[in-house]
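Q: Following this message is one structure expressed as structure tokens.
Rule-based calculations on the coordinates, nothing more; no lab input. Given the structure is predicted, the values throughout are model-derived calculations rather than measurements. Ideal geometry is used to build each Cβ from the backbone, glycine not excepted, and the neighbour counts take in all protein chains shown.
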């Protein structure tokens, strides 16, 4: 097998080897072994990333045992949980592009690597690494840290937060109580974006089957990391590339899994962005076609009161996919080289208390929906599986805010009441800029009955209630959400996929003619460049 370093001009190859050898890589390895990049997002800030230093050592063992030479480098990784509810959240989605670009720069810029093992976790990092794998198209596999193991139920954690908001417990009590849910390093144990995207890596063929939800800091998690290094070497030997694995059919399988899990809405921007990197197309309309006929088979928080650790011990992603087999493309490949038909033939049925069958689902075809109407001509998204039944047809009165911060002020001043529909705008990709998650707003409205949120911003995968986001076109582009006024009536019908502003066409047109765009925030650096180059949420919030 010809190695990447062998393709370098002889004099430059010799000098490159000298530099690598001076970093501690043996000359013999440089002469004979494939060089494998270990792209690690380890840091001491994000709990989902703290275990990755140790897991990288396990990955390296697998690579070395299979005849490769691992070379590790790092990239950045933000924690959305820390950034939530602050201006810092505007950097979370843009830093997806930073991660992808930084890995591209290291791998393509050095030009010596034959394959890549990506070590990541959490909301934007795994999608960024998938994008990098697609862009570089070298044999690749992903490894995550796995979820921490909670000692209390999700509902107990939520109640702690509500008690703090009601002033019933102190900050210290909230922190200590929450540490019974987030018990240590690892990914947050709910079905947020982090665990959703990890699970989807399995169906995409970019992670070992069953590998995404193995609990953090366990022997099985370490064994899986080591096995991933070994499997990557087989990919290098056989020149199996991401473009051969992440096909259109694999993307469709992944949307089916997303819907059956009731996974994070953020996948609806990450999957179209990944498709674009692959030279494919995956539209919201295509996604909706699949989600409209795929039942929800699990009740993992925020869709219920179980965690992803419960899902792992019930059989994990392979057991869910086994139930979905009749509607999957089973000849697509898993990361270990087997077809999904072969994988699922060897997969045991899942525990029925956690993983339901297609014939007896948790709910029918309402995991994720795309809503349309005069308020969202290009669509808006809702995680219907997390919306109570009595909120799925809803009429409320608009209360308009031009930023998340303004909405917080209204909450603190007790200006939000039953029947209000909170319109939080200018939080889209351009308007933010950066498209913040408004998870803290969704937590607030849980304590105020009869309320809803509609925004051109995003939501955390943990968000619940009637929370409609990703609305297109966004306010900064003159979308109808920019024309809503306090007191307008808003009608939502999830059963008919309708999001309607109850204003006449004539009145809406008059408002459009009189519309003066809000002056954009004076930004500099990353956010300024991002606002100038980012596309619509509907196309994945990609940058051009």
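Q: Hey, can you rank 333-340, 433-440 by average C-beta count inside 10 Å, highest first?
A: Working: 333-340: 20.0, 433-440: 26.2.
Output ranking for 333-340, 433-440: 433-440, 333-340.
Q: Give the Rg/Rh ratio for the chain, taking Rg as the radius of gyration of the Cα atoms and Rh as the Kirkwood radius, to two decimals.
A: Ratio of gyration radius to Kirkwood radius: 0.98.
Q: Run the paramagnetic zone check for residue 7: 7 angstrom along Cα to Cβ, then residues of the stretch 103-118 with backbone nitrogen under 13 Å.
A: Counting backbone N atoms under 13 Å from the label point, the list is 108-115.
Q: Also, I was wondering about something else. Compare the peptides 102-110, 219-227 by average per-residue count of other Cβ atoms within 10 angstrom and give them in order, highest first.
A: The packing order, highest mean first, is 219-227, 102-110.
Q: As I understand it, the value is the acute angle between the Cα axis of helix 219-238 and the longest principal axis of the Cα atoms of the chain; what does it come to in degrees, rounded to 10?
A: 70
Q: Starting from the eigenvalues of the Cα gyration tensor, five times each then square-rooted, give me the equivalent ellipsoid semi-axes of the stretch 215-272, largest first, whole Å.
A: Working: eigenvalues 129, 81, 14 Å².
Value: 25, 20, 8 Å, ordered largest first.
Q: What does a probe at residue 168 reach in the stretch 423-449, counting residues whose amide N is under 14 Å from the point 7 Å along Cα→Cβ?
A: 447-448
Q: Could you let me know the centre-to-centre spacing of the stretch 308-333 and the stretch 373-399, using Cα atoms, in angstrom?
A: Comparing the Cα centres of the stretch 308-333 and the stretch 373-399, I get a distance of 30 Å.
Q: While we're looking at this one, here's another question. How long is the stretch 356-412 along each principal axis, judged by its Cα atoms, biggest number first, in Å?
A: Taking the Cα atoms of the stretch 356-412, the three principal extents are 46, 29, 19 Å.
Q: What length, rounded to one decimal in nm, is gained on full extension from residue 544 through to residue 359, with 0.36 nm per residue of separation minus their alpha-carbon distance? All intermediate terms of the calculation are to be shown ahead of the outcome.
A: On the way: separation 185, 0.36 × 185 = 66.60 nm, distance 4.42 nm.
Value of the extension gain: 62.2 nm.
Q: For the chain, take the longest principal axis of its alpha carbons; what is the angle in degrees between that and the long axis of helix 154-165, to the nearest 10 within 0 to 90?
A: It works out to around 50 degrees.
Q: Project the alpha carbons of the stretch 369-539 onto their principal axes and report the range along each, largest first, in whole Å.
A: Sorted from largest, the Cα extents of the stretch 369-539 read 44, 37, 33 Å.
Q: Would you mind telling me the antiparallel percentage of the DSSP bridges in the chain, rounded to 5?
A: 40
Q: At 222 nm, what value in deg cm²/dmol follows for the chain if DSSP H runs of at least 4 each add -39500 (n - 2.57) and the sum is divided by all its residues, to the nearest 500?
A: Here the helix-only value at 222 nm equals -11500 deg cm²/dmol.
Q: Using the alpha-carbon centroid of each, what span in Å lies between the stretch 438-455 and the stretch 149-223?
A: Result: 21 Å between the Cα centres.
Q: Between residue 522 and residue 153, what FRET efficiency follows from the Cβ-Cβ distance if R0 is 51 Å, with the result rounded to 0.05?
A: Details: r = 45 Å, r/R0 = 0.89.
With R0 = 51 Å, the Cβ-Cβ based efficiency is 0.65.
Q: At 10 °C and 1.306 mPa s, grab the translational diffusion coefficient of the stretch 245-385 from Stokes-Einstein with a Kirkwood Rh over Cα pairs, rounded to a whole number in µm² per second. Write out the running numbers ahead of the final one.
A: On the way: Rh = 15.5 Å.
In µm²/s, the coefficient is 102.
Q: Which of the peptides 455-463, 309-317 is most tightly packed, and how do the rest follow, judged by the mean count of other Cβ atoms within 10 Å per residue?
A: Most protected by this proxy first, the peptides run 455-463, 309-317.
Q: Then there's this: Classify the stretch 1-81 as rounded, prolate or oblate from the Cα gyration tensor: take a ≥ b ≥ c as the square roots of its eigenvalues, call it rounded if a/c is under 1.5, otherwise prolate when a/b beats b/c and oblate if not.
A: Working: a/c = 2.86, a/b = 2.05, b/c = 1.40.
Judged from the Cα gyration tensor, the stretch 1-81 comes out prolate (a/c at least 1.5, a/b above b/c).
Q: Separate question: Using Cβ counts within 10 Å as a stand-in for footprinting exposure, how do 530, 470 rank, fewest first?
A: On the way: 530 25, 470 29.
Result, fewest neighbours first: 530, 470.
Q: Simple spin-label model, 7 Å along Cα-to-Cβ: residue 408 to residue 507 in nm?
A: 3.3
Q: To the nearest 10 degrees, how steep is helix 248-261 against the longest Cα principal axis of the chain, on a 0 to 90 scale?
A: Taking Cα atoms only, the helix is inclined about 50 degrees.
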